[in-house]
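What follows is a short report on a single structure.
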Amino acid sequence: DAGVTQSPTHLIKTRGQQVTLRCSPISGHKSVSWYQQVLGQGPQFIFQYYEKEERGRGNFPDRFSARQFPNYSSELNVNALLLGDSALYLCASSPTPVPPDTQYFGPGTRLTVL
Amino acid sequence: AQSVTQLGSHVSVSEGALVLLRCNYSSSVPPYLFWYVQYPNQGLQLLLKYTSAATLVKGINGFEAEFKKSETSFHLTKPSAHMSDAAEYFCAVSAPGGDYGQNFVFGPGTRLSVLP
């Protein structure tokens, strides 16, 4: 079975630009979460979506937004990029958003902001 | 609110030696606890999880962890380290009705090095 897939693998942007990251969950999983992992730190929660509805939001500015599509895939958008947005962005899927469902992580998108 | 601390940002062991990675959590409700491993330039892979069914949890690759409520700990162990165990290890806590619903709060991670 295919795992969580993310695209692109790497991305280089300049300050002020906008970026869209994409995620396809494991087949049958309806919940998608996004995390930011800065080098040397643990992942930080950004968003969770379930059945196309936002179920949770972490402590990130409004420059970050996301959505989930009818096929449960998801996009994360970041506007007005800052140098500090450089990180590995991880997508995770789970069957539901209810504990203790395991979250399965994709390989991530490495974003570099110059 | 939930939080996780991992004592020791870097742990080195010799091949064949015991691996012990420490995790302490705080949670106002009974938590679910997870250990993930991250190899260089990869995503996170689940090693094991605690869901209150048993306090000693066995995972993949010979790892296990014991939930100790009195110590608010969930330390990860492996009797004999292999070179392939070298990676970053993250402990995470998830609690129903927590700050972010089902979502995980991760610790800062412990980098495990295995020396030949």
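The values are calculated or read from the model by the stated rules, or taken from the named source; none is laboratory data. Please read these numbers as outputs of a predicted model, since none were measured by experiment. Counting neighbours? That spans all protein chains shown, and the Cβs are built from the backbone with ideal geometry, glycine included.
Run residue A:66 past the list (1) closer than 21 Å to residue B:105 by Cβ; (2) more than 12 Å from chain B (Cβ to nearest Cβ); (3) loosely packed, with under 12 Cβ neighbours inside 10 Å and report the number of the one that doesn't hold.
Going through (1) closer than 21 Å to residue B:105 by Cβ; (2) more than 12 Å from chain B (Cβ to nearest Cβ); (3) loosely packed, with under 12 Cβ neighbours inside 10 Å one by one, residue A:66 breaks only (3).
Within the range A:36-43, is even one residue over 19 Å from residue B:41 (Cα atoms) and surrounded by 13 or more Cβ atoms within 10 Å (Cβ to Cβ)?
No, the conditions are met nowhere in the range A:36-43.
From the residues in the range B:23-41 that are at the interface with chain A (Cβ under 10 Å from one of its Cβ atoms) and in contact with a strand residue (DSSP E or B) (Cβ under 6 Å, 6 or more places away or on another chain), which one is farthest from residue B:59 (Cα to Cα)?
Checked the range B:23-41; the qualifying residue farthest from residue B:59 (Cα to Cα) is B:31.
Looking at (1) within 14 Å of another protein chain (Cβ to nearest Cβ); (2) surrounded by 17 or more Cβ atoms within 10 Å (Cβ to Cβ); (3) in contact (Cβ under 8 Å) with a residue 60 or more places away in the chain; (4) over 11 Å from the mean Cα position of the chain (by Cα), find the lone condition where residue A:81 falls short.
If we test residue A:81 against (1) within 14 Å of another protein chain (Cβ to nearest Cβ); (2) surrounded by 17 or more Cβ atoms within 10 Å (Cβ to Cβ); (3) in contact (Cβ under 8 Å) with a residue 60 or more places away in the chain; (4) over 11 Å from the mean Cα position of the chain (by Cα), just (1) comes out false.
Starting from residues that are modelled with pLDDT of 95 or more and under 26 Å from residue A:94 (Cβ atoms), keep the ones in the range B:86-104 and report whichever is farthest from the other protein chains (Cβ to nearest Cβ).
B:87
Residue B:14: over 24 Å from residue B:114 (Cβ atoms) and among the polar types (S, T, N, Q), yes or no?
In short, no.
Among the listed residues A:33, A:86, A:74, which satisfies the condition of being modelled with pLDDT under 95 and either farther than 23 Å from residue B:94 by Cα or touching a Cys at 6+ places or on another chain (Cβ under 8 Å) (or both)?
A:33
Only one of B:74, B:67 is within 13 Å of chain A (Cβ to nearest Cβ) and buried (at least 19 other Cβ atoms within 10 Å of the Cβ); which?
The unique qualifying residue is B:67.
Suppose we filter B:20, B:47 for residues that are away from chain A (no Cβ under 12 Å) and at pLDDT 95 or above; which single one remains?
Just one listed residue meets the conditions, B:20.
One residue is enough: does the range B:105-114 have a residue meeting the conditions in contact with a Lys or Arg (Cβ under 8 Å, 6 or more places away or on another chain) and away from every other protein chain (no Cβ under 14 Å)?
no
Is one or more of the residues making up the range A:86-102 surrounded by fewer than 18 Cβ atoms within 10 Å (Cβ to Cβ) and in contact with an Asp or Glu (Cβ under 9 Å, 6 or more places away or on another chain)?
yes
Any idea which residue in the range A:8-52 is farthest from the other protein chains (Cβ to nearest Cβ), counting only those that are among the hydroxyl-bearing types (Ser, Thr, Tyr) and free of Cβ contacts under 8 Å to residues at least 40 places away in the same chain?
A:27
Pick out, from the range B:23-116, the strands (runs of 3 or more DSSP E) lying fully within it that include 1 or more residues that are among the hydrophobic types (A, V, I, L, M, F, W, C).
Of the strands (runs of 3 or more DSSP E) lying wholly inside the range B:23-116, those with at least 1 residues that are among the hydrophobic types (A, V, I, L, M, F, W, C) span B:32-38, B:44-50, B:56-58, B:64-68, B:73-78, B:87-94, B:110-115.
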